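Structure first, commentary second.
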Amino acid sequence: MAVRICKVDEIKAGKAIRVKIGDDAIAIAKTKSGDVYAIDDKCSHGEISLSEGFVDKDTIECWAHGAKFSLATGEALTLPAYEPVKTYEVIIENDEIFLEIDEA
């Protein structure tokens, strides 16, 4: 199921926003080059919102402990995190962001 999030230009380059879809909190990040990614909004190291972190190229860094995650794969790239976070498929149509969400 595709869920509309917002227009692409509603997210500043190099920033992330937090959205809730059902019980899931998701970080939508837009890189400085304009690529848009979606990952779980909870650092796998702790109960920290990744959308409040730092977007740099194709990574997002947890503001609390500095763990970095790949925006494309969710892979934990630096300690203290070692578990990946879930990623979501992003679809951009007519300058609008949609996420492909699995129906449970």
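Since every read-out is calculated from the coordinates, none of them should be taken as a lab result. All figures in this text were calculated on a predicted structure; none of them were measured in a lab. Cβ sites come from the backbone with ideal geometry, for glycine too, and all protein chains shown count toward neighbours.
Values computed for the structure shown
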quantity	calculated
Matching residues, the range 46-74, being farther than 19 Å from residue 12 by Cβ and either surrounded by fewer than 19 Cβ atoms within 10 Å (Cβ to Cβ) or small (Gly, Ala, Ser) (or both)	46, 47, 48, 64, 65, 66, 67, 68, 70, 72, 73, 74
Listing of strands (runs of 3 or more DSSP E) fully contained in the range 1-82 that carry 3 or more residues being small (Gly, Ala, Ser) and closer than 22 Å to residue 98 by Cα	24-30
Residue list for the range 87-104, filter: loosely packed, with under 14 Cβ neighbours inside 10 Å and touching an Asp or Glu at 6+ places or on another chain (Cβ under 8 Å)	89, 95, 100
Tabulated pairs, the range 1-20, first in contact (Cβ under 8 Å) with a residue 12 or more places away in the chain, second aliphatic (A, V, I, L, M) and not in a strand (DSSP E or B), C-beta under 8 angstrom, 6+ apart or interchain	1/101; 2/101; 3/101; 16/50; 17/11
